[in-house]
Amino acid sequence: MTMNKVTVIGAGTMGNGIAHVFAMNGCSVYLCDISDDALESAIQTIDKNLWRMVAKEKISEETKEQTIGNITTSTDMKSAVEDADIVIEAATENEEIKLKIFKQLDELTKPSCILASNTSSISITKIASATNRPTKVIGMHFMNPVPVMKLVEIIRGYATSDETTQAVVELSKKLSKVPVEVNDYPGFVANRILMPMINEAIYTLYQGVAGVEEIDTVMKLGMAHPMGPLQLADFIGLDICHAIMKVLYDGFNNPKYAPCPLLTNMVMAGKLGRKSGEGFYVYNKETKDVKVSPSFA
């Protein structure tokens, strides 16, 4: 099964990273989004990241230009997906939106096309139910930042075929990634383990056990984590963390997965982390300074 024509749906942080990696490995990539501004921003981000790789002598300028040349942007889903061998959906982590997209993809793509989702928590079996090709629906969960992180979590839905799984595993290897096959249960593996840890760190702050910097320092220096859990939550997005905890809570019907009230309040207040400028830390885009939010100082 050859997969040289790739379409990525969604030009946000994950989508542009996925497009970057496929294009750098010789694939013809359509990057599709409903917003022209998002597409322009995505290409600027990819270009900047490629120049950084050139500066570090990881790639040549020729490879950089070829990579950009492999990417076509579009706001028209039909033209972006009609010839695709695989479509990777990287839209917002919202079940209703994903089901709508997969219903459209099922209607617009050729029958042989594999439909993959970069979802970090939503059931692949549920997503596949929006299509008439559940054997060809799979999870392809990349880690952020995509060009750097090696792992791809390959999630088999209830009906995902062995052929589809093997094709996506081999495709991941072609990208110089390490695919790990997991089954379709709430949170899969990565977020079933990571998000309760982050939630517990937020509870530790909420209950006054320690401050933001203290919690992050303990986990960085004591557990050798490259980033503390509260800073990582800001990096992921507190709204995403909250949504994944809700998936775990609803999926297992277990109170241990209930989102911390502090997390819920911060999301309602629009304090979403780095993308909103403030979460547990405050982020200054101009100076690149990062300091603990005044709410927790």
> If you check every pair at least six apart or on different chains, which have Cβ atoms under 9 Å apart with a residue in region 85-107 that is aromatic (Phe, Trp, Tyr) first and a residue that is part of a helix (DSSP H, G or I) second?
Replying inline: 102/127; 102/128
> Which ranges mark the helices (runs of 4 or more DSSP H) fully within region 185-256 that have 2 or more residues being closer than 26 Å to residue 160 by Cβ?
Replying inline: 190-206, 238-252
> For residue 169, which of the numbered conditions (1) assigned to a helix (DSSP H, G or I); (2) touching a Pro at 6+ places or on another chain (Cβ under 7 Å); (3) buried (at least 19 other Cβ atoms within 10 Å of the Cβ) fails to hold?
Replying inline: (3)
>> Quick check on region 201-218: of everything there that is touching a residue at least 24 places away in the same chain (Cβ under 8 Å) and surrounded by fewer than 20 Cβ atoms within 10 Å (Cβ to Cβ), which residue is nearest to residue 258 (Cα to Cα)?
In response: 203
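Listed here are the residues, each with its yes/no results for (1) within 16 Å of the chain's Cα centre (by Cα); (2) at pLDDT 95 or above; (3) surrounded by 16 or more Cβ atoms within 10 Å (Cβ to Cβ).
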site	(1), (2), (3)
130	no, yes, yes
133	no, yes, yes
141	yes, yes, yes
151	yes, yes, no
157	no, yes, yes
163	no, yes, no
191	yes, yes, yes
>> So if I check each of 57, 82, 62, which one is on the phi > 0 side of the Ramachandran plot and either in the same structural domain as residue 131 (by TED's automatic domain parsing) or touching a residue at least 12 places away in the same chain (Cβ under 8 Å) (or both)?
In response: 57
> In this structure, does residue 281 turn out to be closer than 26 Å to residue 92 by Cα, over 19 Å from the mean Cα position of the chain (by Cα) and either surrounded by 21 or more Cβ atoms within 10 Å (Cβ to Cβ) or among the small types (Gly, Ala, Ser) (or both)?
Replying inline: yes
> Conditions: (1) touching a strand residue (DSSP E or B) at 6+ places or on another chain (Cβ under 6 Å); (2) within 14 Å of residue 154 (Cα to Cα); (3) not β-branched (Val, Ile, Thr). Residue 121 meets all but one. Number of the miss?
Replying inline: (1)
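The values are calculated or read from the model by the stated rules, or taken from the named source; none is laboratory data. Not measured: the values here are computed from a predicted model. Neighbour counts run over all protein chains shown; Cβ positions are idealised from the backbone, glycine included.
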